[in-house]
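Worksheet: one structure, shown below.
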Amino acid sequence: MVESATAWSNWAGTFSVAPRRVTHPRTTDDVADEIRHAAENNLSLKAIGSGHSFSAIGATHGVLMKLDQLRGIIAADRKTGLVTVAAGTPLSELNSTLWTMGLAMTNLGDIDAQTISGAISTGTHGTGVAFGGLATQVRGLQLVTASGELLNCSPTENAEIFAVARIGLGALGVITSVTLQCEPAFALHARERPSSYDALLETVEASVADHDHFEFYWFPHTRRVLTKTHDRVRLEAGLHPLGRLRGWIDDEFLANRVFEGVNRLTTARPALTGRANRIAARALSAREFTDRSYRVFVSPRRVKFREMEYALPRETMSHVIGELDDWINRSGERIGFPVEVRFAAADDIALSTAYGRETCYIAVHQYHRRPHEKYFLAFERIAESVGGRPHWGKLHFRTAEDLEPKYPLFGQYLAVRQRLDPDRRFSNDYLRRVLGT
Ligand SMILES: Cc1cc2nc3c(=O)[nH]c(=O)nc-3n(C[C@H](O)[C@H](O)[C@H](O)COP(=O)(O)OP(=O)(O)OC[C@H]3O[C@@H](n4cnc5c(N)ncnc54)[C@H](O)[C@@H]3O)c2cc1C
């Protein structure tokens, strides 16, 4: 299926492109035909998932290949937990279908709008010091390369490609399916409570170690935080979800509608930002519930924002937040969005932001109607000074020159790219910046 080309922009509205052609392949053969067609016409081609990357990683002026017709579960083995899923399947669809099979993803980020291939391609992650990002759950994938060839990749087949293609940045080919290691469905017991940042500093190491999934939000201009712990519990213990009304008030009304209103107000009157943050941090009440894992991991995010996130050596967390707090106080910038702090295990994927080290992720956000550049640049300078690696799907200003030394297997990744896409069919401005030519 081919659409006449119109301007296309991502969820955050950080970039917009007018591709020459938009296609919606239904089969792997369609994908291969489109790639060959693009080559004949000397056009670049980018697969795109849900467009939830903040960076222009998926932008193209050539052929935009939307994967919305390539979705659904292809094969599932309840005994082994191995599930093969079409590349364009949104996580929301994947999670609910897995549940009906008695299965679940091991860990997730905080939304479920992404496609499985888009999520793994940029290194999407959640929180939990014993858990890697989504790409660490991948056991195999199918990739159509620039020549139109279909490759099966796994630890035993095309292993050197598999080693780098799980977080491939969309630069190695078009993924058509992904095989995931899932696990028996489980519930999560959630505890969310407001606290002070200083109290958190006393207990943060224990919280990270003692809970399956721990994260916190720090409210700039205050010493307040909101902590969240999610612990795995057996389904037999029963679910105790939030009541519909409480869930709607917290997750829809307060977190989205009221928050949008507050952001509009503080955009018009920035001097109110600090007070608004103090009120928000105090107004959040503690809550506790147990629900299906995927319902606890994710929540609706309707307020538009810009985001930068850095993966940092875990031990630098309090130093980085301290420096950021100092900068905010000195600069006079008003920041209305909380800073999100998460944790992850080290992994072995070449371009994973958690490659080879236990990681603390710190993410800064700014409402989409307010300028973010000064704030993000300042945060990036601090993160850089401790060896930070930027999330590939979020905003950053780094180039191949400064990224290469951060990734011991960068050269290995580039060699596979050179082999699979020598003419750079899948390249774009962003990839030229972060990978070089
Ligand atoms: C509100 C919000 C919340 C978020 N929360 C988190 C979070 O909790 N944790 C986190 O780590 N990130 C988070 N992100 C970032 C997001 O998970 C990533 O940017 C993710 O890549 C988006 O998935 P997508 O399907 O929209 O991919 P897209 O943005 O559409 O594409 C991303 C990249 O993947 C490539 N790609 C997509 N499909 C294929 C394919 N089939 N073959 C080859 N390449 C492909 C594209 O070319 C592009 O390079 C969030 C983003 C938003 C907007």
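Between rounded, prolate and oblate, where does region 43-152 land on the alpha carbon gyration tensor, with a ≥ b ≥ c its root eigenvalues, rounded for a/c under 1.5, else prolate if a/b exceeds b/c?
Prolate, because a/c is 1.5 or more and a/b exceeds b/c.
What ranking of 319, 211 emerges when the number of other C-beta atoms within 10 Å of each C-beta is taken as an exposure proxy, fewest first?
Listed from fewest to most nearby Cβ atoms, that is 319, 211.
Across 10 Å bins from the origin, how do the percents of Cα pairs in the chain run, short distances first?
4, 21, 32, 27, 13, 2, 0
Could you give log10 I(q)/I(0) at q = 0.11, 0.13, 0.14 Å⁻¹ for region 188-390, computed by the Debye formula over C-alpha point scatterers of equal weight, without solvent?
-0.54, -0.76, -0.89
Name the residues whose placed amide hydrogens come within less than 5 Å of the amide hydrogen of residue 65, ignoring near sequence neighbours (fewer than 5 apart) on the same chain.
Here the answer is 23, 46, 47, 48, since their amide H atoms fall under 5 Å of that of residue 65.
Helix 91-100 sits at what angle to the longest principal axis of the chain, using alpha carbons and giving 0 to 90 degrees rounded to 10?
Between helix and principal axis, roughly 90 degrees.
So, in nm, how far is label residue 78 from label residue 236 when the simple model puts each one 7 Å beyond its Cα toward the Cβ?
1.7
Of the listed peptides 231-243, 417-429, what is their order by residue-averaged count of other C-beta atoms within 10 Å, with the highest listed first? Spell out each step's value before the answer.
Numbers: 231-243: 12.8, 417-429: 17.3.
Averaged packing, sorted descending, gives the order 417-429, 231-243.
Suppose R0 equals 35 Å. What FRET efficiency, 1/(1 + (r/R0)^6) with r the Cβ-Cβ distance, do residue 319 and residue 160 give to the nearest 0.05?
Values: r = 37 Å, r/R0 = 1.07.
The value I calculate is 0.40.
Please give the length that would be gained between residue 419 and residue 265 if that part of the chain were fully extended, namely 0.36 nm times their separation in residues minus their C-alpha to C-alpha distance (nm, one decimal).
50.2 nm
If each of residue 68 and residue 304 carries a label point 7 Å out from its Cα toward its Cβ, how far apart are those two points in nm?
Taking the two extended label points, one gets 1.8 nm.
Which net charge results when you count Lys and Arg as +1 and Asp and Glu as -1 among the other residues whose beta-carbon is under 9 Å from that of residue 363?
On the way: positive: 342, 394; negative: 307, 309, 340.
Here the charged neighbours net out to -1.
Plugging the Kirkwood radius over Cα pairs into Stokes-Einstein for region 352-437, at a temperature of 4 °C and a viscosity of 1.567 mPa s, what D comes out in µm²/s? Don't skip to the answer; put the middle values down first.
Values: Rh = 14.5 Å.
The calculation lands on 89 µm²/s.
What FRET efficiency comes out for residue 329 versus residue 385 if R0 is 22 angstrom and r is the Cβ-Cβ distance? Round to the nearest 0.05.
The calculated FRET efficiency here is 0.75.
List the lysines whose alpha-carbon lies under 18 Å from that of residue 304, not counting same-chain residues fewer than 8 positions away?
Once the sequence-local lysines are set aside, what remains near residue 304 is 394.
Considering only C-alpha atoms, what is the centroid distance from region 51-74 to region 328-369, in Å?
Taking the Cα centre of each part, region 51-74 and region 328-369 sit 24 Å apart.
If I stretch the segment between residue 41 and residue 402 completely, what's the gain in nm (0.36 nm per residue apart, minus their alpha carbon distance), one decimal? Could you put the intermediate results ahead of the total?
Values: separation 361, 0.36 × 361 = 129.96 nm, distance 3.39 nm.
Stretched fully, the residue 41-residue 402 segment lengthens by 126.6 nm.
Multiplying the sequence separation of residue 150 and residue 16 by 0.36 nm and subtracting their Cα-Cα distance, what value in nm do you get?
So the chain would gain 45.2 nm between residue 150 and residue 16.
I need to check one value: relative contact order of the chain, counting alpha carbon pairs closer than 8 Å and at least 6 residues apart, in percent. Intermediate results must be reported in sequence, preceding the final value.
Details: 952 pairs, mean separation 77.5, N = 437.
Relative CO of the chain lands at 18 percent.
Using θ = phi - 60° and the Karplus relation 6.51 cos²θ - 1.76 cosθ + 1.60, list the HN-Hα couplings for region 227-242 in order, rounded to whole Hz, with x at every Gly or Pro.
9, 10, 10, 10, 10, 6, 9, 6, 4, 4, 5, x, 9, 10, x, 4
Quick one: angle between helix 197-210 and the longest Cα principal axis of the chain, in degrees between 0 and 90, rounded to 10, please.
Computed tilt is about 50 degrees.
Among all the aspartates and glutamates, which ones have a C-alpha under 13 Å from residue 46's C-alpha, if same-chain residues fewer than 8 places away are not counted?
Partners within reach: 34, 421, 429.
Readers should treat all values here as calculations from the given coordinates under stated rules, not as data from a laboratory. Fair warning: this is a prediction, and the values are worked out from it, not measured in the lab. Virtual Cβ from ideal backbone geometry, glycine too; neighbours counted across all protein chains shown.
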